[in-house]
Amino acid sequence: MSSRAEAFEHWIRTSFVQMNTELENLYFANDDRAQVIGCGDPIKASLRDEGHTYVVDLLAEGNTGEGFDSAYGVLGSVGLYLGALRRHELTNPAREERSPFPEASSLALHVGASLGMAPRFSTGHLATHNRARAGVRKSFTTLPDEFLFIDENTRGILSLQRAADALTSVVHLGVSSPVADVMFDAAKQALRDLMRFNGRLMDQLDVERFFYSVRPYYKPYRVGRQEYRGANAGDFSGINELDLLLGLCRANDPYYAQLLVDKMLFMLPSDQARLRECMTRTSLLDELLTLVGQHAHADWFQQNARAYLEVCDLFGQAAAQHHNGLVRRFIEGPAANLNEHGLEGITASGPPLPVLLRSLEMLRDLRLAADRRDITTRHNDLGRLRLAVKLR
Ligand code: HEM
């Protein structure tokens, strides 16, 4: 990493975090916790101006070509800086046509384009590729609730990646392989872990702190002229690999295909490649369904179809937990107390909350293979498989 990139990162890990934390404590002490404008102005100005000097230095240096890690680190630093400026209302895409921070925008655009990623910070920066130094990971604040959120999100993502790796191995072994049992077991264990981590968030995360002091850093913001949606814990390929390999979602479904296209640039290039490859595979469900007529009574079919169904059930339970536990408790619940102004821009992707919730419900129901008439789920296909397994 160049010395300028390192200096910026050091600032992000120290003064930046301190200033954000001070601001959060000021806002949180207000009668109206959503009131940000007019509060802590001198700290906001320092944050903006100090960050600007690092950005200008890096922009002058140009792309040092020092490798992926370095460029990705710079994208993260400039992204966290812009995310914080948005959070503190020093920029707001609703009232501007272009970012008021042209240097930071240029730096983010340059690095983002060279990496093949959106020019903003994304989940990887705070989760799977957030490199700890002496135990401390990058964050916006030092609030315990932010660390809890980042850490449990990361554990959840790592679990879903492990489950996706395991199912990819089943694809290579073939769904009739007697050896697939260890990989189905690994996937089940990873999904149980995911639910344990989600459970810890439900029990330990403070609803108000999360809603007022953590979530606002994930709002959309402009880079140059264009507005980019916020980061969310779904910006990695593992979750979609599971959707596709299990066969619960299909890459040719217009809603789901759009979702994949929209998230592509928010993922690391290595994840983008994994997802593209996965889109060319036949799902395990489709494979099992072509075998059911002829082989339903074979031991291998019974074992592997049962294990597949168990993985599906756990995956569905985890999806329901995300929606009914996390989204409802930490977003829908507190949002009910906000007025129209307070509701603006509370979601990471930008659409109004009811629209986002409907779209997340649709995903949940696809993953649960729910019996819905208005969307095509795999309810009947899973039913056929369950019948074949029970018939034994
Ligand atoms: C307090 C905890 C959490 C809350 C409130 C929450 C809420 C949300 C919301 C509102 C979205 C939609 C993003 C947007 O467009 O605004 C989302 C997306 C997503 N979240 Fe979470 N989330 C939480 C934790 C987690 C964890 C631990 C995971 C596990 C890795 C996770 C996985 C996902 C995924 C995969 C998506 C993308 C949509 C999908 O494919 O389901 N979330 N989350």
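The values are calculated or read from the model by the stated rules, or taken from the named source; none is laboratory data. The model shown is predicted, which means the values in this text are computed figures rather than measured ones. Ideal geometry is used to build each Cβ from the backbone, glycine not excepted, and the neighbour counts take in all protein chains shown. Areas reflect the complete protein model, heavy atoms only, side chains present, ligands, DNA and RNA absent. Shrake-Rupley method; radii C 1.70, N 1.55, O 1.52, S 1.80 Å.
Taking all Cα pairs closer than 8 Å and separated by 6 or more residues, the relative contact order of the chain comes to 17 percent.
Counting every Cα pair in region 213-316, what percent are over 16 Å apart? Counting pairs separated by more than 16 Å, the tail of P(r) holds 66 percent. A viscosity of 1.567 mPa s and a temperature of 4 °C, combined with the Kirkwood radius over Cα pairs in Stokes-Einstein, give a translational diffusion coefficient for the chain of 58 µm²/s. Eigenvalues of the alpha-carbon gyration tensor of region 11-52, scaled by 5 and square-rooted, set the equivalent ellipsoid semi-axes at 20, 11, 6 angstrom, largest first. Using R₀ = 45 Å, calculate the FRET efficiency as 1/(1 + (r/R₀)^6) where r is the Cβ-Cβ separation of Ala113 and Asp374; round to 0.05. About 0.70, to the nearest 0.05. By a 1.4 Å probe calculation restricted to protein chains, Arg48 has an accessible surface near 80 Å², given to the nearest 10.
Is the shape of region 117-242 best called rounded, prolate or oblate, per the rule: a/c under 1.5 gives rounded, else a/b larger than b/c gives prolate, else oblate, with a ≥ b ≥ c the square roots of the Cα gyration tensor eigenvalues? Prolate, since a/c reaches 1.5 and a/b exceeds b/c. Report, in degrees rounded to the nearest 10, the 0 to 90 angle that the Cα long axis of helix 254-264 makes with the longest principal axis of the chain. Approximately 50 degrees, to the nearest ten.
Can you sort Tyr308, Tyr228 by 1.4 Å-probe accessible area, starting with the largest?
In descending accessible area the options line up as Tyr228, Tyr308.
For the chain, the Cβ-based charge dipole about the Cα centre amounts to some 780 debye (Lys, Arg positive; Asp, Glu negative; other atoms uncharged).
Remark: the chain carries 44 Å² of accessible area per residue (probe radius 1.4 Å; ligands, DNA and RNA excluded).
Among Leu191, Leu59, Leu275, whose mean-square fluctuation peaks in a Gaussian network model of the chain (Cα, cutoff 10 Å)? Of Leu191, Leu59, Leu275, the Gaussian network model singles out Leu59 as fluctuating most. Near Ile43: Cβ cut-off under 14 Å, other residues only, Lys/Arg at +1 and Asp/Glu at -1. The net charge is -3. Here region 143-172 and region 208-253 have alpha carbon centers that stand 14 Å from each other. In this structure the amide hydrogen of Tyr221, modeled in the peptide plane, comes within under 5 Å of the amide hydrogens of Tyr228, none closer than 5 places in sequence on its chain.
Rounded, prolate or oblate for region 239-391? Axes are the square roots of the Cα gyration tensor eigenvalues, ordered a ≥ b ≥ c, and the cut-off for rounded is a/c under 1.5.
Since a/c reaches 1.5 and a/b is larger than b/c, the shape of region 239-391 is classed as prolate.
Using the rule -39500 (n - 2.57) for each DSSP H run of four or more residues, divided by the residues of the chain, the 222 nm mean residue ellipticity is -19000 deg cm²/dmol. Note on region 172-274: the C-alpha convex hull projects to 9.4 nm² when averaged across all orientations.
Comparing Leu167, Leu80, Leu357 in a Gaussian network model of the chain, where Cα atoms under 10 Å apart are tied by springs, the biggest mean-square fluctuation is seen for Leu357. To the nearest ten degrees, helix 299-320 and the longest principal axis of the Cα atoms of the chain are 30 degrees apart.
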